[in-house]
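To keep things clear, I will list the structure first and then write my remarks on it.
The values are calculated or read from the model by the stated rules, or taken from the named source; none is laboratory data. Bear in mind the structure is a predicted one, so any value in this text is a computation, not a measurement. Ideal geometry is used to build each Cβ from the backbone, glycine not excepted, and the neighbour counts take in all protein chains shown. Ligands, DNA and RNA are excluded from the accessible area calculation, which covers all protein heavy atoms including side chains. Shrake-Rupley method; radii C 1.70, N 1.55, O 1.52, S 1.80 Å.
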Amino acid sequence: MSTTVFSSSFNAEFDANGQEFSLAGVIRPRSVDEIAASISMLKGAIDDVRGVLYINVKRLVQMNNTAFQAFARVVLDACRARSDLRFVVVTSSVVGWIERMFTHLNRIEPRITVEVYDSKFYPGQAFVEDMSFIPILRTQTKMTWRHERTILPRHGMRPGIVMADICCGIGDFAMLVKKEFQPTRVVALDHSKTSLGYARDMAASFGIADIEYTYGDASEMLLEDNQFDFVTCRHSLQIFNRPIVLLKELYRICRPGGRVYITNEKNSHCLGEPRSRSIQWTYNEVAKLFSHFDMDVEFGPKSRRYLVDAGFDEIIMESFMVTNLDGDPQDFADVIAAWENVYAGEMAVKRGDPPEFIERFRQGFSDHIFAALHPRGYSGWPVWAASGRKPP
């Protein structure tokens, strides 16, 4: 059960089942009377809940001091009247000012705590945002682009569209699309400020000035509903611990009749010959390693189910194999070497794997490189591309 209060610039909602009170939009009243209905809803929520009341402000764009003082007073008074009640303010690093404002309440009342949602939603963020990975990310995109430039038109890409690239990373895919397909507008959003800085620099070096690189949390984007003809999100659902949350955001910003395009992997299907048994063992272990950190690099074939569950129809799904025959075999070997450094290095060590396991783990990557560079060898990395239409 939930109740909602709408105004011209913001809305408040209480979900009784989840014990969550949410604020979104811009709250800048001249007097408390203008937000009386929302204050009353918060008081009612406090009366209804037991244990913890979550206050979700991830999509709160602005709040003036009048509003903050009014809501804070209700929460502080409740803490003093109810010893059984705790408050958890759920925010995002995208709206960092909220964290600063509400952390002040924690100093006044310890039963009010602040959780930055990003750190839980992106459990593997430290691994995928390592800047030493940038050259490999560029190489990976170069290798997949040979396939995707043919695939994309089948999924709805065409000149003149309004497009968003969510979780754009270092921005190379957005640049390639801009040059190849000439969309009229491209918004590229990512949660890594460092990656976005790199993306802006690269775009400038290629003379591309009209990609809108935007900092944002993909799970709670500060983008309007129904505005993009085509939304892409590549190799990203597999590193989120709640991919359906992200898919629903992609659905929200896509216009009715538009399409959302995703790519993901199934790492246990990486292959190579010769030395196939060692390679197969290692990539099975890669899948288990990512699962330990709440990431699913087996996501690719699951794409259709997730798209349907998020509300899409007219699903298109296909797969392609990136191989050592896609250009220079050394490029593929370099990608595998980078995987080894991150997976068998930082990630396996953080999981606490023993040295003998890590040694065998590394051997599989070395054998995959051997297969990639062998004059009669073959190495493959499977990728699933899928898209769904938002019903008109």
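Against the condition at pLDDT 85 or above and part of a helix (DSSP H, G or I), how does residue 46 come out, does it pass? The answer is yes for residue 46. Residue 339 passes every criterion in (1) surrounded by 17 or more Cβ atoms within 10 Å (Cβ to Cβ); (2) in contact with a strand residue (DSSP E or B) (Cβ under 8 Å, 6 or more places away or on another chain) apart from (2).
Summed over region 289-314, the residues that are touching a Lys or Arg at 6+ places or on another chain (Cβ under 8 Å) and either of a type in the set (S, T, N, Q) or at positive phi (or both) give a count of 2. Screening residue 303 with (1) of a type in the set (S, T, N, Q); (2) open to solvent by 10 Å² or more (accessible area, probe 1.4 Å); (3) touching a residue at least 40 places away in the same chain (Cβ under 8 Å); (4) within 17 Å of residue 269 (Cβ to Cβ) gives one miss only, at (2). Which condition breaks for residue 61 when tested against (1) surrounded by 18 or more Cβ atoms within 10 Å (Cβ to Cβ); (2) under 31 Å from the mean Cα position of the chain (by Cα)? Here residue 61 clears every test but (1). When residue 199 is tested against (1) outside any helix (DSSP H, G or I); (2) touching a Cys at 6+ places or on another chain (Cβ under 7 Å), just one condition goes unmet, and that condition is (1).
Residues that are open to solvent by 10 Å² or more (accessible area, probe 1.4 Å) and at pLDDT 95 or above were ranked within region 183-210; the one that is farthest from residue 137 (Cα to Cα) is 184. When we screen 291, 319 for residues that are under 15 Å from residue 385 (Cβ atoms) and either open to solvent by 40 Å² or more (accessible area, probe 1.4 Å) or under 22 Å from the mean Cα position of the chain (by Cα) (or both), the only hit is 319.
Would you check if residue 391 is of a type outside the set (Asp, Glu), free of Cβ contacts under 8 Å to residues at least 24 places away in the same chain, part of a loop (DSSP other than H, G, I, E, B) and open to solvent by 10 Å² or more (accessible area, probe 1.4 Å)? Taking the combined requirement at face value, the residue does not satisfy it. Scanning region 96-114 for residues that are in contact with a strand residue (DSSP E or B) (Cβ under 6 Å, 6 or more places away or on another chain) and either open to solvent by less than 50 Å² (accessible area, probe 1.4 Å) or modelled with pLDDT of 80 or more (or both) yields 98, 102, 103, 105, 106, 111, 112, 113, 114. Taking only pairs six or more apart or across chains, which ones have beta-carbon atoms under 7 Å, a first residue in region 333-350 that is closer than 13 Å to residue 140 by Cβ and of a type outside the set (A, V, I, L, M), and a second residue that is open to solvent by less than 30 Å² (accessible area, probe 1.4 Å) and part of a helix (DSSP H, G or I)? Taking only residues 6 or more apart or on different chains, the pairs are 334/136; 334/139; 339/365.
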